Structures are given as C-alpha cells and as structure tokens.
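Shown next, in structure tokens, is the structure this report addresses.
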Amino acid sequence: MVDVITDNEFRLIRDYIGRKYGIHLSEEKKSLIYSRLRPVMIEKGFDNIKQYYDYLVSDRTGEASVIFIDRMTTNHTFFMREPDHFFYFRDTILPYLEKTVKNHDLRIWSAGCSSGEEPYTLQMILQDYFRGKGSKWDTQLLATDISTTVLDKAIKGVYSNEQIKPLSDEWKRMYFRKYNSENVVVSDDIKSKMIFKKFNLMEGKFPFRQKFQVIFCRNVMIYFDSDTRAKLVDKFYDVSEEGAYLFIGHSESLNNTSTRYKYIMPAVYRKI
C-alpha cells in the first residue's frame, strides 16, 4: 500500500464529500483524510486512495458511503454544551410556545444530533417544563444525523457516569437508570419521546409536512463553505414557522445582510 495521498486523489475525495455532504475540506486535511481512510483500505485490500474512491462511487448497497462518512466526520459533543442556549430555550422560548401553540403540538428539530446529548437535554427540559400541565402537549422531538454510528449510540442512550457529570442530581435520578457499574442509560420515558433518523442536510428539498418552531443546528456548519451554509440556512428558514428560532454554534455565524433570520443573541436567530 502506498502510504500517501496524491493531489488528484485528494481532489476526488474533496469533491465527493463536498458534493454529497456539503463538507469543505482544505488542503491541510490531506494527511487526515489518508489516516482516517487507511483502515478501510487495508480491510478492503486497496493499494491507494484512487482504488478506494472507485469502490466508493460504484457501490450500490449504500454500505460504502455509510462507512465513509462515519470515518470522515468528527462527532464531538457533550451534555449541556453551550448551556446559555438551553437556558434561553427553557426560560424564553418554552413560555412563548406555551402561550402561542394552540394545538399543543411542539415541533423541535436537533439537526446534526451526533450521539444524542443535545436532543436528550432538550427533551429533559421539555419534561421538566410541562410536568404537571397535563398530557395534552406533544413534546416528541426529531433528532437527525448523517452518521449511523453516532445515531446508533444516541438510540441506545448509554452514557458513562463521567459523561453525565454536568447534569443535575435530579436529572440523573429522574431521567437515567443504572446500566452497569460505569454507565447509565436514558429512561424509557424520555426515549419514547424521541425520533432518531438518518438525514443528509444536503437534500435538495426537506421532506417535512409540518414546519418547526425550533431548530438546533449547532457546530455543524463549521464544515461548510459560505455558499453551502447560506443555502442550508435558507432551507431551515423555509421549514420554520413564523416566530421560529434557529440555534447555531457559538463558533459559527450568519451573514446578517443576506439571511432572512433576525439576530436575537449570540448564535440565536429568529424568523420574524
């Protein structure tokens, strides 16, 4: 096996991941690409990236693209990441939705949910807020990602005792149960209110019949170039209700002169 990636091979991988997933790879990522794809190449018996690429684009089972995106994406997240967003969701948005959503149907989307920490946190906030207010509120939450590996982890809902340290003792007691000596699992009650699905944000038109009141898409668009980012934000806007909120990561920003969203606070925007 040739322990290097050529310029042409880099362009093939860069163009493929950009076209299919919207991810922008800079020239500095050449060695990272090779190191992440090398185990797959060894397993399949490929001598170089070009052979792997030909296999990737010709595979019709979908297995190759699943393994590819799992290897190429970094899924770093944790409970209560950027906590001011969760506090704003709890203290400002939920009271607003309680007053304005007459059919009691909440539609909240965690786009790029990774291994589940973000959507589970949102669901626990929802359960806290609507507890004692009757069972009339539909708080089911949609959580999507392109990686089947992290989605499988999210669906299982198993986390280490160390991972749930940022959560309150009350939440640990109410929303988790012991899995083994080192891990806990999210309660069945919380899991039952989650919808986890594989979804590519680069789809031409989002297939949702109803619009969302809140969309979390945090620390996902850092991988996109400005044009891809703008097109995605436009699609979020189109599937959002009037007055809906969009949360992005604190390391991300929208072009305030071109986006139709109104800036509310750092990394929080609203459709007005």
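Each reported figure results from applying straightforward, stated rules to the coordinates on display, with no laboratory input. It should be emphasised that the depicted structure is a prediction, and the values quoted were computed from it without experimental measurement. Backbone-built Cβ (ideal geometry, glycine too); neighbour counts: all protein chains shown.
Set the Förster radius R0 to 25 Å, insert the Cβ-Cβ distance between residue 230 and residue 87 as r into 1/(1 + (r/R0)^6), and round the FRET efficiency to 0.05. Please list the in-between numbers first.
Details: r = 29 Å, r/R0 = 1.14.
According to the calculation, E is roughly 0.30.
Across all Cα atoms of the range 224-272, the radius of gyration (one decimal) and Dmax (whole number) stand at 9.9, 27 Å.
Our Cα-only numbers for the chain put the radius of gyration and Dmax at 20.2, 64 Å. Annotation note: trypsin sites (Lys or Arg not before Pro) in the range 1-108 located in DSSP loop regions with a Cβ neighbour count of at most 11 within 10 Å are 60, 102. For the range 69-198, the spread of Cα coordinates along the three principal axes comes to 43, 32, 26 Å, biggest extent given first.
Note the full-extension length gain between residue 31 and residue 43 as 0.36 nm times their separation in residues minus their Cα-Cα distance, in nm to one decimal. Mind showing how you got there, number by number?
On the way: separation 12, 0.36 × 12 = 4.32 nm, distance 1.90 nm.
Working it through step by step, the gained length comes to 2.4 nm.
Please tell me the relative contact order of the chain in percent, rounded to the nearest whole number, where contacts are Cα pairs under 8 Å and at least six residues apart. All intermediate terms of the calculation are to be shown ahead of the outcome.
Details: 365 pairs, mean separation 45.7, N = 272.
So the answer I get is 17 percent.
Note on the range 7-72: along the principal axes its Cα atoms extend 27, 22, 19 Å, ordered by decreasing extent.
Roughly how tilted is helix 117-130, in degrees to the nearest 10 and between 0 and 90, from the longest Cα axis of the chain? Tilt of helix 117-130: around 10 degrees. Of the GluC sites (Glu not before Pro) found in the range 107-192, those in coil by DSSP whose Cβ has at most 10 other Cβ atoms within 10 Å are 162, 182. With the simple spin-label model, which puts each label point 7 Å out from Cα in the Cβ direction, the residue 8 to residue 182 separation comes to 4.7 nm. Taking only the C-alpha atoms of the range 1-123, Rg followed by Dmax gives 20.4, 63 Å. Gyration tensor over the Cα atoms of the range 156-272: the corresponding equivalent ellipsoid has semi-axes (square roots of 5 times the eigenvalues, largest first) of 33, 16, 14 Å.
Return one number: the angle in degrees, 0 to 90 and rounded to the nearest 10, between the long axis of the Cα atoms of helix 49-58 and the longest principal axis of the Cα atoms of the chain. Result, in degrees: 60.
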